[in-house]
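Just so it is clear, none of the values below were taken in a lab; they were calculated from the coordinates. Being a predicted model, the structure only gives us computed values, none of them experimental. Positions of Cβ are backbone-derived with ideal geometry, glycine not excepted, and every protein chain shown enters the neighbour counts.
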There are 4 protein chains.
Amino acid sequence: MHTYTHQIQYYETDKMQITHHSNYIRFMEEARVDFLNHIGFGYDKMEELGISSPVIGVQCDYKKSTTFPDLITIETGISSYKGTRLEIKYTMKVKNEVVAIGKSLHCFLNPHGRPIILKKALPELDQIFVELLDKDTNDAK
Amino acid sequence: MHTYTHQIQYYETDKMQITHHSNYIRFMEEARVDFLNHIGFGYDKMEELGISSPVIGVQCDYKKSTTFPDLITIETGISSYKGTRLEIKYTMKVKNEVVAIGKSLHCFLNPHGRPIILKKALPELDQIFVELLDKDTNDAK
Amino acid sequence: MHTYTHQIQYYETDKMQITHHSNYIRFMEEARVDFLNHIGFGYDKMEELGISSPVIGVQCDYKKSTTFPDLITIETGISSYKGTRLEIKYTMKVKNEVVAIGKSLHCFLNPHGRPIILKKALPELDQIFVELLDKDTNDAK
Amino acid sequence: MHTYTHQIQYYETDKMQITHHSNYIRFMEEARVDFLNHIGFGYDKMEELGISSPVIGVQCDYKKSTTFPDLITIETGISSYKGTRLEIKYTMKVKNEVVAIGKSLHCFLNPHGRPIILKKALPELDQIFVELLDKDTNDAK
């Protein structure tokens with residue numbers, strides 16, 4: 001399980017004096033960027049390979065409010081992967097207490113914007129996702 | 001079905017030259033504020049009544065990218081309501097084509113932060129949600 | 001004097017319960033886009049002509065706080081123009097009271113990113129800026 | 001000279017494929033929060049003392065564009081201080097090259113929102129600002 005930390009900024013709070021709910025979608029992006037770097041397929045590498053992986057869906061369940069200057073720890077893992085679609089799960093905690101759980105869904109596109117099957121186009125990355133999925137599934141047991 | 005329009009701003013785009021996905025969660029808030037005003041229970045009225053309705057979950061499915069200076073039309077309706085939890089649905093369109101579909105889930109709290117049953121605490125608003133739910137459900141048939 | 005209106009959104013407030021100061025820089029961009037459209041040299045037209053006008057400086061003085069759901073009226077005019085650099089001034093008001101005064105400084109670049117002299121490259125737009133500068137200067141007397 | 005580092009996030013870029021200019025005002029806030037923590041008068045301490053220091057003006061000159069995933073190093077120092085008003089200066093660099101120079105102006109308010117003279121209300125903090133101003137002024141020679 002990969003971990004990333006984001007410090008809540010003052011400008012991320014709202015007049016309810018808590019972190020505005022839209023910002024968690026941005027924290028998820030930060031954690032995802034860090035996670036993909038960690039497994040060796042960061043943004044630069046993917047761009048070089050001509051592959052993009054747009055966000056086609058997001059969701060977030062808010063459990064507890066957070067605020068400036070909380071430190072949010074985000075555990076990132078693969079929750080679903082079937083070759084063309086990748087679902088990433090984000091467990092966000094402050095002081096070991098879960099504050100939000102998010103998911104993002106991604107597809108993979110070639111330079112012409114056409115969907116690709118990762119197993120054929122990039123078997124090395126496909127293998128990493130398969131292994132991480134197994135690992136996370138087993139960890140969850 | 002209540003309709004609200006948001007013009008995509010330059011600062012809402014990202015380096016993929018499209019509207020950043022996190023911003024749709026903000027457009028949903030704008031549309032929700034406008035919708036609640038329209039049914040007579042806007043932010044000011046709710047605050048006066050001492051009732052808040054925090055966001056406890058959001059989701060958004062992205063169908064087509066948008067960019068500056070697109071006009072997004074957001075149709076807002078009640079997709080689920082059972083007295084303590086309200087789910088609002090947002091159908092976002094550009095030039096009559098669906099670009100994203102979002103949902104937000106809300107509970108209702110009294111001034112002490114305790115969950116309330118709307119039917120007891122605010123029967124007038126409960127009635128509006130019940131009617132809008134029926135109407136939207138029938139419209140969808 | 002061109003006028004644009006922005007409604008403060010909930011997500012633009014911060015935990016001091018007022019509009020976060022960084023957002024005024026964004027409101028200035030919204031007003032500028034609207035102003036340039038109005039004088040016939042909107043973003044699309046400039047892009048078509050291959051000319052960009054990046055922001056090379058901004059400033060904002062905050063006079064009074066604002067908050068959700070205030071309506072900010074922004075009066076936009078040319079405060080300085082000397083052929084290569086354009087300074088735009090923004091007077092922001094809520095209910096006729098000045099809440100902030102901003103300025104942005106811009107240069108003009110050709111498609112190769114080289115600075116251009118507007119009088120040569122786009123005399124029609126140069127003429128508009130000269131006239132607006134005179135007009136705004138006279139209005140201010 | 002106090003130093004703070006911000007990594008440019010994907011969501012901070014715009015369709016010109018560079019960091020949107022409004023975000024530098026936010027980076028300045030991040031650097032300021034870190035700087036005030038460092039000198040022992042962070043947000044929590046000030047709140048406890050009942051003193052707030054709102055932003056009454058900002059400015060930023062953009063020298064070079066930045067983009068995701070650049071690391072911006074921000075050097076923060078006192079550029080002016082006369083007992084009631086504090087001006088903070090921010091020199092932002094990527095790989096030792098200046099990309100932007102910002103300033104923010106602040107006053108100090110008591111819990112009733114009235115301006116205070118720091119030398120009387122909080123001599124310890126006044127002394128720190130005086131010393132940092134001298135130091136930064138000498139460093140600049």
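For C:S79, nonlocal amide neighbours, meaning residues 5 or more places apart or on other chains whose placed amide H falls under 5 Å from its own, are C:E87, C:I88, C:K89. Axis-proximal residue of chain A for the rotation onto chain B, reported as residue and distance in whole Å: A:Q59, 2, based on Cβ position. Listed by chain and number, the aspartates and glutamates whose alpha-carbon sits under 17 Å from that of D:K135, ignoring those within fewer than 8 places in the same chain, are D:E75, D:E87, D:E124, D:D126.
Relative contact order of chain D: 26 percent, from C-alpha pairs under 8 Å at least 6 residues apart in sequence. Placing unit charges on the Cβ atoms of the charged side chains and taking the dipole of segment C:2-140 about its Cα centre, the candidate lying farthest along the positive direction among C:V58, C:I8, C:A121 is C:V58. For chain B, the longest principal axis of the C-alpha atoms and the axis of helix B:123-140 are separated by about 40°.
Its Cα gyration tensor gives the protein assembly as shown an equivalent ellipsoid, and the semi-axes of that ellipsoid, as √(5λ) in whole Å with the largest first, are 37, 30, 29.
Label point of C:Q17 (7 Å along Cα→beta-carbon): distances to the other copies' equivalent points are 0.9, 4.6, 4.6 nm, sorted ascending. For D:K63, the amide hydrogen comes within under 5 Å of the amide hydrogens of D:A100, D:I101, counting only partners 5 or more places away or on other chains and with H modelled in the peptide plane. For the residue pairs A:K119/D:K15; A:K64/B:K64; A:K103/B:K93; A:K15/A:K63; D:K45/D:K119; C:K95/D:K15, the C-alpha atoms sit more than 22 angstrom apart in A:K119/D:K15; A:K64/B:K64; A:K103/B:K93; C:K95/D:K15. A Cβ-based charge dipole, computed about the Cα centre of the protein assembly as shown with Lys and Arg at +1 and Asp and Glu at -1, lands at about 0 debye. Going from the residue with the fewest nearby Cβ atoms within 10 Å to the one with the most, B:R85, B:R26, B:R114 rank B:R114, B:R85, B:R26. Across peptide A:24-35, the average count of Cβ atoms from other chains found within 10 Å of a residue's Cβ is 4.
For A:M1, the distances from its label point to the matching points in the remaining copies are 4.2, 4.2, 5.8 nm, ordered from shortest, with each point set 7 Å beyond Cα toward Cβ.
Report the calculated FRET efficiency for B:Q17 and A:E87 (r = Cβ-Cβ distance, R0 = 25 Å), to the nearest 0.05. Efficiency computed from Cβ-Cβ geometry: 0.45. Position C:P69: other-copy label points at 2.5, 3.5, 4.1 nm, ordered by increasing distance, label point 7 Å along Cα→C-beta.
Which angle from 0 to 90°, rounded to the nearest 10, does the C-alpha axis of helix D:23-38 make with the longest principal axis of chain D? So the inclination is approximately 40 degrees.
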